[in-house]
């Protein structure tokens, strides 16, 4: 059964290119809570601090919190991009991530070439790539533009292509950032339908978002992050209710953090 | 039953199993060589986008170099042109391959930053992409070697095939250099500049233009230059009818050293690269 278990999960970003002492001092003075120097005298930002949670099959989890709370970092860690500096993480199940739709796109290649490239990025065989191509071509509705280099696409067209490629999968664990809310109105109807089926097909979904509407509609559980820590974890209404009521946070806002 | 088949990602900071993960990265990178291959081809295509003769600029510029330097240095160094030109053509092509690869190797992870921070891909894929790109680029010079050999009328015999192990060794070293330089330059951005300077110096210190015999009894000192044995394992069979065992021992020794350092570095710091780029 698909599951995600984090035990004391910690991620720290070293700020290597903060060489100037004065800048270092200023950073440290401003945000002593989150930016610190570690044992080898590097400046590090604690992006995620000692997270403990278990996500089981069927759960739809929303990561909520202000900018820089660590939502995207947590998504990337779950996707296996950042390896934990402390603690333990076990993710069971095939992961599909919708974190950055444009990653790995080549602007000089045509839409069709980009779709094939995406198939290779995912490690697909020829049959898989052909299926992906057919699927993404139909869904994006780009028609003849599929054979035009993506450099010449409008922003909306790029998003349609990126969305079509990214969502042509059926993972057990779906990791999603909130980028997918862009796009023209005509496309959004189609997009939502497709996302809904993707979400339905996944055993677990984790989504980072600011939009409480999305959280209420799609999620069963919310984890609220602040300054890299979990400050609330529970049913959606409980967590969002507390956020809307403006319950004071235990920790002050961070001064500098990765999104 | 399904539980057994589930792909599992497990990371434990107190027990990082670095060697096993590095091996897994290498295996995944090599098995998805088609991705690196496709990306390398794209790189080359995009580099010469809109250019009429495209990557054959590589061939043309090497041809001009070979003819120009050949005429000048055969006179300066008092060499017979029919002996000197094949030597120069092979040397320059191999050297240009090395000299193009090294700066790209220093950049191979930093330039893939967008992908490294968004997609969980094996790092070896980016190194492999750099190696493939340089192989494709260098392959455009092959016709030039054929032309030179045919014009001069000094076609190497069967011993010319002995250059193949040398080429393979060069490829292996290129891969190790991409891993090592790519990682170290992602962390320390000054290294790239240092490497560029070293390569400029190395061009003059390595018998690319000049021939080893000119050093006379000091030729043994060349063994301290790691580029010399690497170059000689390819050039020797093609131009001089073979290479000495000493050259091969030195080439293998330096390669083992580079691969060892690259492997150690890769095992220790692989998981940190996402934070460095």
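Just so you know, all these numbers are worked out from the coordinates, no wet-lab data involved. In this text the structure is predicted, and so the values were computed from the model without any measurement. Positions of Cβ are generated from backbone atoms using ideal geometry, with glycine treated the same way; all protein chains shown enter the neighbour counts.
Adding -39500 (n - 2.57) for every DSSP H run of four residues or longer, then dividing by how many residues the protein assembly as shown holds, sets the calculated 222 nm ellipticity at -16500 deg cm²/dmol. When the alpha-carbon atoms of the stretch B:53-276 are used, the pair Rg, Dmax equals 18.4, 57 angstrom. Among B:57, B:220, B:210, a tally of other beta-carbon atoms within 10 Å of each Cβ gives an order, fewest to most, of B:220, B:57, B:210. Let a ≥ b ≥ c be the square roots of the eigenvalues of the Cα gyration tensor of the stretch B:159-244; is it rounded (a/c under 1.5), or, if not, prolate (a/b larger than b/c) or oblate? Oblate, since a/c reaches 1.5 and b/c is not below a/b. Based on alpha carbons, the Rg and Dmax found for the stretch A:111-202 are 12.8, 35 Å. Which FRET efficiency, nearest 0.05, do residue B:21 and residue B:168 yield, Cβ-Cβ r, R0 35 Å? Here the calculated transfer efficiency is 0.85. Evaluated on the stretch B:4-127, the Kirkwood hydrodynamic radius is 18.5 Å, with distances taken between all distinct Cα atoms. Extents of the protein assembly as shown, largest first, come to 90, 57, 49 Å (Cα atoms, principal axes, whole angstrom).
Need one value for A:86-92: mean number of C-beta atoms belonging to other chains within 10 Å of its residues' C-beta atoms. Write down the numbers at each step before the final one.
Details: counts 3, 4, 6, 5, 5, 6, 6.
Averaged over the peptide's residues, the number is 5.
Per-residue extension of 0.36 nm, minus the Cα-Cα distance of residue B:257 and residue B:80, leaves a gain of 60.0 nm for this segment. Exposure proxy shown here: for B:59, A:54, the number of other Cβ atoms within 10 Å sets the order, fewest to most, as A:54, B:59. Springs join every pair of Cα atoms under 10 Å in this Gaussian network model of chain B, and among B:46, B:141, B:218 the largest mean-square fluctuation is at B:218. Fewest-first ordering of A:82, B:9 by other beta carbons within 10 Å of each residue's beta carbon gives B:9, A:82.
Between the Cα long axis of helix B:163-187 and the first principal axis of chain B there is an angle of about 50°, rounded to the nearest 10. Here the Gaussian network model covers chain B, with springs between Cα atoms less than 10 Å apart; of B:70, B:216, B:246, B:216 fluctuates the most.
Just need the relative contact order of chain B here, percent rounded to a whole number, with Cα pairs under 8 Å and 6+ apart.
Values: 279 pairs, mean separation 73.7, N = 277.
The normalised contact order for chain B reaches 27 percent.
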